[in-house]
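First the structure, in the form of structure tokens, and then the observations on it.
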Amino acid sequence: MERILKGLSRFQKSVYPRHRELFQKLALGQRPEALFITCADSRIDPCMLTQTKPGELFICRVVGNIVPPYPDAIGGVSATIEYAVGVLGVADVIVCGHTDCGVMKGVLNPEALEPLTSVTAWLNYAQPARAAVGQHLTTHTDLEFLLALTERNVVEQLRNLRTHPTVAERLEQGDLRLHGWLYDLGEGTVASYDADQAGFVPLEAPTVRS
Ligand SMILES: [Zn+2]
């Protein structure tokens, strides 16, 4: 905790003064361009990954980047989606899974999580992904199976996202885009779901002009 408090002190003494104008503008309101739904895993830093500043991403952190289908579990995730899409009017929603996800490993080994009743109940939302991967992949290594499950989970959560009325409405209007990402923690790379290819392809970032 000491390191965290030292960091806070450093933020207030040297970081905040450098960005005072931005923070004072943000104090009056926000207009984030995207809702970023990702796992609560401590190794993911959405703003570092996308090089965005405060005010640019509306972030929903939840174990396994799981989006319960509407109206199955009215709770924090559903409310966050409704607010971001219906009130703030974000233009894009990104569901971002990641490699070495402990939650996905838990889906593969549910016995280990049995004492954790909330986690176990939550992971039921990842069961359709497990079932889909189980049907199509039988000869792969554990690591490949985990990756396939993690990818499929992103696809299933995108599907669940579409069941939320605010999302469905904006999709109908044609002014909301959904994206499924898979972040490779060790490599720093991102693959994006391509519906036409029914798979994940390396995300080509636009060339940055120097
Ligand atoms: Zn995770």
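Here are some notes:
- Alpha-carbon centroids, the stretch 60-84 and the stretch 121-181: separation in whole Å: 14 Å
- Distant-in-sequence amide H partners of residue 59 (H built 1.01 Å from N, under 5 Å): 36
- Comparing 153, 109, 65 in a Gaussian network model of the chain, where Cα atoms under 10 Å apart are tied by springs, the biggest mean-square fluctuation is seen for 109.
- Per residue of the chain, the DSSP helices (runs of n ≥ 4 H) give a summed -39500 (n - 2.57) that works out to -10500 deg cm²/dmol at 222 nm.
- Whether the stretch 101-150 is rounded, prolate or oblate, judged on the alpha carbon gyration tensor where a/c under 1.5 counts as rounded: prolate
- DSSP-assigned coil residues among trypsin sites (Lys or Arg not before Pro) in the stretch 1-90, each with at most 14 further Cβ atoms within 10 Å: 43
- Only lysine pairs 8 or more places apart, or on different chains, with alpha-carbon atoms under 27 angstrom apart are counted in the chain, and they number 5.
- Anisotropy class of the stretch 1-124 from Cα gyration tensor, a/c 1.5 cut: oblate
- For the stretch 71-210, the gyration tensor built on C-alpha atoms gives an oblate shape. Its axis ratio a/c (a ≥ b ≥ c) is at least 1.5, and a/b is not larger than b/c.
- Amide H within-cut-off set for residue 162, under 5 Å, with H built and near neighbours excluded: none
- The stretch 57-143 - percent relative contact order, Cα under 8 Å, separation 6 or more: 28 percent
- Cut-off under 5 Å, modelled amide H: who pairs with residue 41 long-range: 64
- Within-14-Å neighbourhood charge of residue 32 [Cβ basis; K, R +1; D, E -1]: 0
- Around the Cα centre of the chain, unit charges on the Cβ atoms of Lys, Arg, Asp and Glu (plus for the first two, minus for the last two) sum to a dipole of about 1060 debye.
- Relative contact order of the chain, taken over Cα pairs closer than 8 Å and 6 or more residues apart, is 21 percent.
- For the stretch 129-210, applying the loop criterion from DSSP together with a ceiling of 10 other beta carbons within 10 Å to the trypsin sites (Lys or Arg not before Pro) yields 209.
- Of all stretches in the chain that contain no GluC sites (Glu not before Pro) in a DSSP loop with at most 11 other Cβ atoms within 10 Å, the longest one is 1-186.
- Computed about its Cα centre, the charge dipole of the stretch 136-195 is approximately 240 debye, with only Lys, Arg, Asp and Glu carrying charge at their Cβ.
Each reported figure results from applying straightforward, stated rules to the coordinates on display, with no laboratory input. Computed from a prediction, not measured in an experiment: that's the story for all the values here. No Cβ is skipped: glycine too gets one built from the backbone with ideal geometry, and neighbour counts run over all protein chains shown.
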